[in-house]
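Beneath this line is the structure, given in structure tokens, with notes to follow.
Throughout, read-outs are computed from the coordinates displayed, never taken from laboratory work. As the structure is a prediction and not an experimental result, all values here were calculated from the model. With ideal geometry, Cβ positions are generated from the backbone for all residues, glycine too; neighbour counts draw on all protein chains shown.
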Amino acid sequence: MVAAVAALPAAYLVIVCADDVGATVETILRSRTLEMTLRSAGLAAAVTATTVAVAVPLAFLTTRTTLPGARAWATLLSLPIVIPSYVGAYTYVAALGPSGMLQDLLEPLGIERLPGIYGFGGAWLVLSLFTYPLVLITVRSAIVRLDPRLEEAALVAGRSRPEVFRTVTLPQLRPAIGAGGLLVALYVLSDFGAVSLLRFQSFTREIYISFQSSFDRGATAALGLVLVALTLALLALYTRTRRQGGYYRSSPGAARPPRPAPLGRWRWPAIGACSLLAALALALPLGVLLYWAGKGIGDAVDWGSVGTAAWHSLLAGGLAAAVAAVAAITISLLTVRYPSPASRLLERAGYAGYALPGIVVALALVFFGTRIALPLYQTLAMLVVALAIHFLPLAIAAISASLLQVPPRLEEAARTLGRGPVATFATVTGPLAAPGVAAGAALVLLYAVKELPATLLLAPAEFQTLATQVWTETTFGQYGGAAIPALVLVLVAAPPLYLLSGEAVHE
Amino acid sequence: MPWPQTLIAAILAALLAAAGAGCGEEGESGAGDPDAPSGAEGITVYSGRIPPEIGPLIDLYEQRSGKDIEVRFGETAALAAQIVEEGENSPADVFFAQDAGALGAIEAEGRFEQLPAATLERVPARFRSRAGEWVGTSGRARVIAYGEDVDPDDLPDSVLDLTGEEWQGRVGWAPINGSFQAFITAMRLTEGEDVARDFVEGMLANGVQPYENNIAIRDAIAAGEIDVGLINHYYVAQAKAEDPDYPVEIHFPPNDLGSMVNVAGAGVLAGSDQVGEAEAFVDFLLSREAQEFFAGSTEEYPLIDGVAPDRSLIPLDEIPHPALDLSRIDDLEGTLELLQSSGAL
């Protein structure tokens, strides 16, 4: 049932394409479709590799070492996740464009034009900067749940620290790294705003052109199907990361926090690297936003409406996070504990809603909403369901990675001792997987508050959120006015991220 | 660690309670509001125009008529797609779109009601649907915007001249943008396929810079990234409202489609249960007050007789207008094919 709802976007595409199979096949087979698929896949691969390379070391640095202010760094460096990628792209073009702010600063030195923020390089940089927290958050929550005893045993057995890391620690983290990487890759495939501002021709751009310019729902749906196929291929790849072996602790008892590795002299380079990342992913975009906000502050800011919008964002996002978490627990339990072709199919169908551009997901729900759930159409409930479907995989990834770390023997013991399946979940599985559930719910919340196309189409009329305010102002070309809701968006998202990072720190 | 569940439960409970309270409030205020018209539910407008471009008008109409209007804001193309997907069950009574192409697409789907002749006849025939299914409410001209480094005397009389060597690498356009595509479609219809193809290919060979939309082009001109760009006329006025010294000006090329006029417009949706109300609202958009609002606040061209455009603009009649049927510029497939095969998209 849950998965059936989650599969609605994919079902919609199939229904539309079935209208005219010939045209669908023709669209899919155009050489342009293949070219754009390859371009998008290339970008997704580059961004994914970069985010993993940045975020995995960072996750260790902020959980397993004596880095000063580890929790603050973790929060700070997770924050870029709340900056909508199109806002990030805007700020990067403004700052580093051929004649942006940096060029202004360098002008006295005779530099009249800066090279290349546009194209592959810019898209790669900007998307990496605003998606790496996905890997950081998933991997950090997995590290916390690792049993240090395995590593200690290996150390005692005489292996060196690097060797232990490579042969013991890293393999245990594979599902989490895979899950985070998958989320990044799929996000890159679905992104439209950033690639388009940075002038990278991608597959999603193709979808928008067909939908925006010729009002051709058939071609839009056909291209959407290609994206779904690409998603399934990526999922197959991801499933391999968690194929063999158990990831749970073998003996009962609470995981003991490991002793943090002393950084010693390496403290300074570590802080330097964190600062650099914070500067690029946070200080630069926020600085540009503050600059715009400062220019726009002359006009009276309607704080009342910004406040209402913030409340609406949190309300819809919070409810969507809760719904998605419950749905994801159900689906993850099925796939982790009872793996079968059927349960795997359910899980994968759910991912389609995430890899598709928001507008396609929104139209799917418009289609089904007006046909089978008219009384709910354009109510808060409808919006919540749409957001939950769109971002469900964020919750599934985090939650299934954490369920993999719960030893099934504990559950079996509880069942043998007479507890029912629900009681077992509530008293054994749930608490053990709680950090993953919290991480999953928080991710959904963070993405839901910045979601735009589905909110515009499906929210109750005149239900403004921070994202719709940013949209209204940028559409009108008022960057000053847009900067304020964008900044509030970041502020609103900081507390959940702080709580999340606290998970990983042991007093 | 017991806190996560407790915390999640608490947050959930709070959210649900608040959501419940919110619904309650709305219900009460609706029932208790003495100004609310009894029995008559207001109409729903799907608006591709954003609040600053229409909000004051909605307020004025609500005051006047005592009727409530619900507005759903969104991007014109997305709202058009939404109306098509909603089919007969669409809650929308009026579609207020930013360009004639989207209106034409809804017309082609057979989703509009015929508008009353009295409403249609308020605007010249070239600014409304031939079948009388939608009507233009304000006009927007294509212009050449230019920056500080350009001598106005050097600007071309025809947009076709921008393929000349002196403009190498200095021009910006937005091939993905609806207004631009409508402009190319119009060029194909009035000047012929060959001229349009030569223009697009010539521009590409001349190193034209592609941007995302009109605003991005305008900002790039202001920043000195490019010297001139093809945009809609009112974007510059909007920037000047925020910053009077904004360093971009507009030029109406006197000879051809460089200043083609497209419209924002509205129609009443088939299946509306309040056709009369919806028609009254569309008619209101063509009232003197509404037209003066468009002319003053968004600096668009008013379309009815007796309301003058902003003084910085050349009069609508002086913009050359070849026999161009705005109903036909929804035929975008050929334009897309042209833009894609030439490498512009």
Just the Cα atoms of chain A: what Rg and Dmax do they give in Å?
22.9, 79
Can you return the aspartates and glutamates within cross-link range of residue A:295? Criterion is Cα-Cα under 18 Å, with same-chain partners fewer than 8 residues away left out.
A:104, A:473, B:219, B:242, B:243, B:245
Under the Karplus relation 6.51 cos²θ - 1.76 cosθ + 1.60, θ = phi - 60°, what is the ordered set of whole-Hz ³J(HN,Hα) values for region B:209-219, x standing for Gly and Pro?
9, x, 10, 6, 7, 4, 5, 5, 5, 4, 5
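So how much slack lies between residue B:292 and residue B:109, counting 0.36 nm per residue of separation and subtracting their Cα-Cα distance, in nm?
Taking 0.36 nm per residue and subtracting the Cα distance, the gain is 62.7 nm.
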Might you report the magnitude of the Cβ-based charge dipole of the protein assembly as shown about its Cα centre, with Lys and Arg at +1 and Asp and Glu at -1, to the nearest 20 debye?
6500 debye
Fewest to most Cβ atoms within 10 Å: A:303, A:311, B:134 sort as A:303, A:311, B:134
Cβ-based exposure ranking for B:79, A:410, A:417, A:183, in which fewest neighbours within 10 Å come first:
A:417, A:410, B:79, A:183
Might you report the magnitude of the Cβ-based charge dipole of chain A about its Cα centre, with Lys and Arg at +1 and Asp and Glu at -1, to the nearest 20 debye?
1860 debye
With unit charges on the beta carbons (Lys and Arg positive, Asp and Glu negative) and the dipole taken about the Cα centre of chain A, which residue among A:437, A:410, A:94 sits farthest to the positive side?
A:410
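For a quick check: sort A:101, B:203 by the number of other beta carbons within 10 angstrom, fewest at the front. Intermediate values should be presented prior to the final figure.
Values: A:101 17, B:203 22.
With the fewest neighbours first, A:101, B:203 line up as A:101, B:203.
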Signed unit charges on C-beta, dipole axis of the protein assembly as shown, positive-most listed residue B:97, B:307, A:274
A:274
With a Förster radius of 51 Å, plug the Cβ-Cβ distance of residue B:63 and residue A:409 into 1/(1 + (r/R0)^6) and report the FRET value to the nearest 0.05.
0.15
Phi to ³J(HN,Hα) by Karplus 6.51 cos²θ - 1.76 cosθ + 1.60 over region A:413-427, Hz, x for Gly, Pro:
4, 4, 5, 4, 7, x, 7, x, x, 5, 4, 4, 5, 5, 9
Which translational diffusion coefficient, to the nearest whole µm²/s, is obtained for the protein assembly as shown from the Stokes-Einstein equation, given a Kirkwood hydrodynamic radius over C-alpha pairs, 4 °C and 1.567 mPa s?
46 µm²/s
In the protein assembly as shown, what % of DSSP beta bridges are antiparallel (nearest 5)?
65 percent
Whole-Hz ³J(HN,Hα) from phi, Karplus 6.51 cos²θ - 1.76 cosθ + 1.60, for region B:177-185, glycine and proline x:
7, x, 5, 5, 5, 4, 5, 5, 4
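Given the C-alpha atoms of region A:343-388, compute the convex hull and give its volume per residue in Å³.
With only Cα atoms used, region A:343-388 gives 80 Å³ per residue.
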Simple label model, 7 Å out from Cα along Cβ direction - residue A:160 to residue A:4, nm:
5.8 nm
